[in-house]
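These notes are about the structure you will find just below.
The values are calculated or read from the model by the stated rules, or taken from the named source; none is laboratory data. In this text, all values refer to a predicted model and were calculated from it rather than measured experimentally. Neighbour counts run over all protein chains shown; Cβ positions are idealised from the backbone, glycine included. When the accessible area is computed, the model is the full protein with side chains, heavy atoms only, and any ligands, DNA or RNA have been set aside. Shrake-Rupley method; radii C 1.70, N 1.55, O 1.52, S 1.80 Å.
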Amino acid sequence: MEEKKRVLPMVALRGMVIMPEMAAHFDISRKKSVEAISQAMKEEQKVFLSAQKSIDIEDPEQDDVYEVGTVAYIRQIVKLPKQIIRVMVVGETRGVLKNMELEESCLRAEIEVVDESAFVIPEGMNVEAMTRGLKDMFVEYASKNGKLTKENVAQILEIRSLKKLVDEIAASIPLYYKEQQELLDQVDFWKRYELLAFKLVNEVQILDIKNDIRIKVKERVDKHQREYILREELKLIREELGEDDTVSEAEEFEVKAENLNASDEVKEKLKKEINRFKSSMNSPAESGVIRTYIETVLEMPWEDSVEDSHDLAYAEQILEEEHYGLEEVKERVLEFLAVRSLTRKGDSPILCLMGPPGTGKTSIAKSLAKALKKPYVRISLGGIRDEAEIRGHRKTYVGAMPGRIANAIKRAGVKNPLILLDEIDKVSQDYKGDTFSALLEVLDSEQNYAFRDHYLEVPLDLSEVLFVTTANSVQTIPKPLLDRMEVIEISSYTENEKLHIAMEHLIPKQLEKNGLTSKMLSFSKEAVWKMSRNYTKEAGVRQLERKISNVCRKTAKEILTTEKKKVSVTAKNLEKYLGKEKYSYQMANEADEVGVVRGLAWTSVGGDTLQIEVNVMSGSGELMLTGQLGDVMKESAQTGISYIRSIGKQYGIEEEYFKKHDIHVHIPEGAVPKDGPSAGITMVTAILSAIINRKVKAKLAMTGEVTLRGRILPIGGLKEKLLAAKNAGIQEVLIPSKNQADVEELTQEITDGINIVPVESMKEVLEYAFVE
């Protein structure tokens, strides 16, 4: 290849490259470019064309254009509007720019022309193979590109010269101008051949990928168009058949299922049921069942939850405002909140509030929900005897529905509410299944993360639910179920607690309910105390609230029918509103007596005192027990007789005494059933007192179970028993020494004014009880 120096007018092209053997046109408007074309036309009609490196440069310097350009012959010039000139050129040969100057308002370039006319490619098998290979690549490219005409392709394939073939193909393929510049820069022919072959292969691969994408897009579009046409036809058919609602419902279900915040398992199940729903439109009964199921699943809050509150101060304030006392429950909730605040997680406790009726078990659960800022749902379990009430019915049954647990979650609208299982001890069972056993999974934090309701058929996460259960007694609750719950005992309220609850909560509540204000009706503390003591007999405050409501109603009537503006209720005028006193406490006897001993008993409505009376008469050694005593109490009396006979010699009792005398033990209030072992020491003391004719202290009460050898065993319900003793004016109480720990837990309000004496054996009891 030879190089010849020449000076030619120059045009800097923007965004395009003119290759040798390439016929093309371009538009120019810059003054320099127009002047250069004019100068070229005056000379040999030849111009040097070089591409700008950046199309944004308006006035390019030598460094702003590529070094290798093309010497082109100007075939035609056409003037267009707005001073634009269109120039038609044919590329002749490469030129290397050496210098660029501005002369007479046009660019002139000093170049070295690369003359390839003298370059001869030797003939041979290699060259032939290269020629055929390049043609094959070009044919493949042309077939996939689709922009080259058949005539143009055929014309190029007729070329025999490899050099001309390379130049023609390079000029024909529509490459980006920077890639064309790379080909133009290759002055060496063999390198130019390799680069062109590489670019052809690369372009073919790009076109393959582009074609694959186009085919996939077309298939998808075609599919969508096909589905759209079919849907429209189906819609028209359904409209004619009057079944259009089913389709719109199915589409609505699909949209809701897509947006449902649930696991993939739930969504997959929904998808299957929606498809079944679409195909069941000919069977209204089946479609109705499936529709109900889909609607139920869509309404469940699978992954929706309310943010847990970590505000201990707020929780404590709510609990204190709404409930007086119940310190253990409040403390446990605050502990749970504290742990949750530190760990941001933690198992939700399963609390069982156990205590007598009316002590605020249900209402404290509602306050817990408020304190924790959780939705509250109550489920009453009293009388439930069918396992399906908990687990739900299988949806194949007519009228099937989810169980109460799943329904509660649905009503709450979140997966982590507070659910109150009220009266769990009242659950029963029959041939349909054991309801308690169904509750085992619900109340087990290790299992309930995947609770399966028979109706829903997909796992329901109950691990974040805070369960609170209530019971009056744990005796009827199976041990495995009881083991899963944290039992918090809510004992009877003291007189002082009832007074506080009435003044702070019950009276304001009833005033508001009955349309009264504190200025219209007021209660004295003595009146409330008397209501609690003489008009109600309960462990809680439910009856007390009814009595307050009764006074409020009578006051409302009195204000409206008379000229009174204010009513003050005192202990003196309470009888006017509530009538005669309903209950009176059997106070301690004034004088010490023989064979009469005061015992203490626990009842479902609190504590009570039992006056045990014993008479000894001549007879045949018969033991008579009256007062509607239970079997355990009768056995305690028999145990007591055996113990007395064993120690008879110490008290000078003859051996024949028990054969010649009848002993009658009676506990007054014969209409009230009585049972339990805790009156054991009381009966022994009363029987022995009657036999040896020794008086027992009148201001003394006792409770404890006695053994055959005279040991005293611990008892329950000590708080209620001590309250009953205090109300009856008892000054001293004998309790089993093993109950001393229970005494330490009691408040000073209960123990004040009572001398509590722990005893271990009947010997201590008798020494303390008998009057010297």
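Remarks
- Screening ASP386, ASP444 for residues that are out of contact with any Asp or Glu (no Cβ under 9 Å at 6 or more places or on another chain) and not aliphatic (A, V, I, L, M) leaves exactly one candidate, ASP444.
- Test for GLU767: is it without any contact (Cβ under 8 Å) to a residue 12 or more places away in the chain and more than 26 Å from ASP631 (Cβ to Cβ): yes
- Test: residue in the stretch 725-733 that is over 14 Å from LEU610 (Cα atoms), open to solvent by 10 Å² or more (accessible area, probe 1.4 Å) and not β-branched (Val, Ile, Thr): yes
- Residue match in the stretch 259-275 (condition: open to solvent by 20 Å² or more (accessible area, probe 1.4 Å), in contact with a helix residue (DSSP H, G or I) (Cβ under 7 Å, 6 or more places away or on another chain), closer than 26 Å to LYS373 by Cα and part of a helix (DSSP H, G or I)): no
- Of all residues in the stretch 132-179, those that are open to solvent by less than 30 Å² (accessible area, probe 1.4 Å), closer than 18 Å to GLU194 by Cα and assigned to a loop (DSSP other than H, G, I, E, B) total 2.
Conditions tested, residue by residue: (1) hydroxyl-bearing (Ser, Thr, Tyr); (2) more than 60 Å from the chain's Cα centre (by Cα); (3) farther than 14 Å from MET137 by Cα.
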residue	(1), (2), (3)
SER161	yes, yes, yes
VAL166	no, yes, no
ALA171	no, yes, yes
LYS178	no, no, yes
LEU184	no, yes, yes
PHE189	no, yes, yes
LYS199	no, no, no
GLU203	no, no, no
LYS218	no, no, yes
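- Flag for TYR493 being crowded, with 17+ Cβ neighbours inside 10 Å and either over 41 Å from the mean Cα position of the chain (by Cα) or of a type outside the set (Phe, Trp, Tyr) (or both): no
- Helices (runs of 4 or more DSSP H) completely within the stretch 373-489 that count 1 or more residues being more than 20 Å from the chain's Cα centre (by Cα): 388-391, 435-442, 479-483
- Test for GLU563: is it of a type in the set (Asp, Glu), modelled with pLDDT of 85 or more, open to solvent by 70 Å² or more (accessible area, probe 1.4 Å) and over 47 Å from the mean Cα position of the chain (by Cα): no
- LEU298 vs. criteria on the phi < 0 side of the Ramachandran plot and at pLDDT 85 or above: yes
- Of the residues SER33, SER29, the single one that is surrounded by fewer than 19 Cβ atoms within 10 Å (Cβ to Cβ) and in contact with a strand residue (DSSP E or B) (Cβ under 7 Å, 6 or more places away or on another chain) is SER29.
- Residue in the stretch 280-290 that is modelled with pLDDT of 80 or more, among the hydrophobic types (A, V, I, L, M, F, W, C) and surrounded by 14 or more Cβ atoms within 10 Å (Cβ to Cβ) present: yes
- Among residues of the stretch 204-224 that are open to solvent by 100 Å² or more (accessible area, probe 1.4 Å), those with a beta-carbon under 9 Å from a residue that is in a helix (DSSP H, G or I) at least six positions away or on a different chain give the pairs LYS210/LYS144.
- For the stretch 496-538, a residue qualifies if it is open to solvent by less than 30 Å² (accessible area, probe 1.4 Å) and on the phi > 0 side of the Ramachandran plot, but none of them does.
- Within the stretch 300-340, the set of residues being of a type in the set (Ser, Thr, Tyr), closer than 16 Å to LYS373 by Cα and open to solvent by 30 Å² or more (accessible area, probe 1.4 Å) comprises SER305, TYR314.
- Residue within the stretch 434-442 that is in contact (Cβ under 8 Å) with a residue 12 or more places away in the chain, of a type outside the set (S, T, N, Q) and open to solvent by 40 Å² or more (accessible area, probe 1.4 Å) present: yes
- Any hit, the stretch 650-661, residues being small (Gly, Ala, Ser) and touching a Phe, Trp or Tyr at 6+ places or on another chain (Cβ under 8 Å): no
- The residues of the stretch 181-195 that are under 19 Å from ASN126 (Cβ atoms) and hydrophobic (A, V, I, L, M, F, W, C), listed by number, are PHE189, TRP190, LEU195.
- Among residues that are part of a helix (DSSP H, G or I), more than 24 Å from the chain's Cα centre (by Cα) and farther than 16 Å from LEU420 by Cβ, GLU321 is included.
- Of all the numbered requirements in (1) open to solvent by less than 20 Å² (accessible area, probe 1.4 Å); (2) outside any loop (DSSP other than H, G, I, E, B), THR359 misses one, and that requirement is (2).
- Any hit, the stretch 63-83, residues being surrounded by 13 or more Cβ atoms within 10 Å (Cβ to Cβ), part of a loop (DSSP other than H, G, I, E, B) and out of contact with any strand residue (DSSP E or B) (no Cβ under 6 Å at 6 or more places or on another chain): no
- For SER117: the one exception among (1) surrounded by 12 or more Cβ atoms within 10 Å (Cβ to Cβ); (2) at pLDDT below 75; (3) outside any helix (DSSP H, G or I): (1)
- Residue in the stretch 625-644 that is small (Gly, Ala, Ser) and on the phi > 0 side of the Ramachandran plot present: yes
- Filter pass, LEU195 being within 15 Å of ASP136 (Cα to Cα) and either crowded, with 17+ Cβ neighbours inside 10 Å or of a type in the set (S, T, N, Q) (or both): no
- Failed item in (1) open to solvent by 10 Å² or more (accessible area, probe 1.4 Å); (2) touching a residue at least 12 places away in the same chain (Cβ under 8 Å); (3) under 23 Å from the mean Cα position of the chain (by Cα); (4) within 21 Å of SER445 (Cβ to Cβ), with MET354 passing the rest: (3)
- Of all residues in the stretch 38-70, those satisfying the criterion of being within 23 Å of GLU179 (Cβ to Cβ) and free of Cβ contacts under 8 Å to residues at least 12 places away in the same chain are SER54, ASP56, ILE57, ASP63.
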